[in-house]
1. Just one of (1) assigned to a loop (DSSP other than H, G, I, E, B); (2) surrounded by fewer than 12 Cβ atoms within 10 Å (Cβ to Cβ) trips up Lys154, so point out which.
2. Could you please find all residues in the range 1-59 being modelled with pLDDT under 85, over 24 Å from the mean Cα position of the chain (by Cα) and assigned to a helix (DSSP H, G or I)?
3. Can you say whether Phe27 is in contact with a Gly (Cβ under 8 Å, 6 or more places away or on another chain) and within 17 Å of Lys68 (Cβ to Cβ), as far as the supplied structure shows?
4. So, of the residues in the range 83-96 that are part of a helix (DSSP H, G or I) and surrounded by 13 or more Cβ atoms within 10 Å (Cβ to Cβ), which turns out to be modelled with the highest pLDDT?
5. Of all residues being among the acidic types (Asp, Glu) and modelled with pLDDT of 95 or more in the range 102-140, which is nearest to the chain's Cα centre (by Cα)? Just the residue, please.
6. For Glu164, state whether it is outside the structural domain of Asn95 (by the TED database), in contact with a helix residue (DSSP H, G or I) (Cβ under 7 Å, 6 or more places away or on another chain) and modelled with pLDDT under 95.
Amino acid sequence: MAQSKSNNDEGYDFSCPQHFSDLVLVFENTKFHVRKCIPSMSSPVFEKMLSSVGFREKDAKQIDLPGKKRVEFGAFLRVIYADVISQGKQINEENYEFLLRLAEEYQVSQVKHLCCKFLISSVEESNCFGIYKVAESYNLEDVKEKCAEVASLKPCRILESSEEFGGLKAENQKMVYAKRARYLERNAYA
């Protein structure tokens with residue numbers, strides 16, 4: 001992505017049109033190319049300005065915003081754009097499964113990656129098999145690896161009596177048993 005000192009100290013480059021840019025905001029004679037939907041989703045002020053009948057900005061392709069500092073507003077826009085993706089902070093127990101499904105359907109790798117990070121950080125002995133099933137469904141290798149690592153700490157009698165463990169694919173059960181064997185070997189000779 002091209003970097004421009006005129007309006008991009010770090011992060012997203014607003015200096016030239018990007019994919020789906022449909023609005024230019026002007027501060028201190030500097031143009032910021034944005035997607036209307038992102039400021040609109042983040043700010044009720046932008047939403048009203050860009051979508052309400054009676055506002056001249058509604059159909060404008062360029063909006064001058066006098067009195068605003070280029071550097072300050074550029075930083076503000078970068079925060080808004082980062083918040084749209086949210087670096088995974090909005091991914092939680094209630095939404096990770098449908099986010100994964102939509103990420104798969106629409107091929108949004110960043111969302112899938114953020115869901116993986118969330119799942120890896122969430123794996124515990126009590127939920128490792130449930131998360132393992134999700135990881136199997138979406139072929140999340142790093143998540144499967146973490147789940148196998150945590151599951152390998154369980155005694156074999158617990159593994160064998162667990163319906164959830166029994167519901168895993170045979171190859172993944174083998175991975176858990178192999179990790180369990182390595183764990184026992186390390187601790188037996190320590």
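1. (2)
2. None - no residue of the range 1-59 is modelled with pLDDT under 85, over 24 Å from the mean Cα position of the chain (by Cα) and assigned to a helix (DSSP H, G or I), so the list stays empty.
3. Judged against the criteria, Phe27 is a match.
4. Let us first name the residues in the range 83-96 that are part of a helix (DSSP H, G or I), namely 83-88, 96.
From what is left, the residues that are surrounded by 13 or more Cβ atoms within 10 Å (Cβ to Cβ) are 83-85, 88, 96.
Values: Asp83: 52, Val84: 53, Ile85: 51, Gly88: 51, Tyr96: 89.
Among those residues, the one meeting the criterion is Tyr96.
5. Glu136
6. yes
Conditions tested, residue by residue: (1) outside any helix (DSSP H, G or I); (2) within 25 Å of Asn92 (Cα to Cα).
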residue	(1), (2)
Ser126	yes, yes
Lys146	no, yes
Val150	no, yes
Leu168	yes, yes
Lys174	no, no
Lys179	no, no
Arg186	no, no
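The values are calculated or read from the model by the stated rules, or taken from the named source; none is laboratory data. Quick caveat, the model's predicted, so the values are computed rather than measured. Note that we place each Cβ from the backbone using ideal geometry, even for glycine, and neighbour counts take in every protein chain shown.
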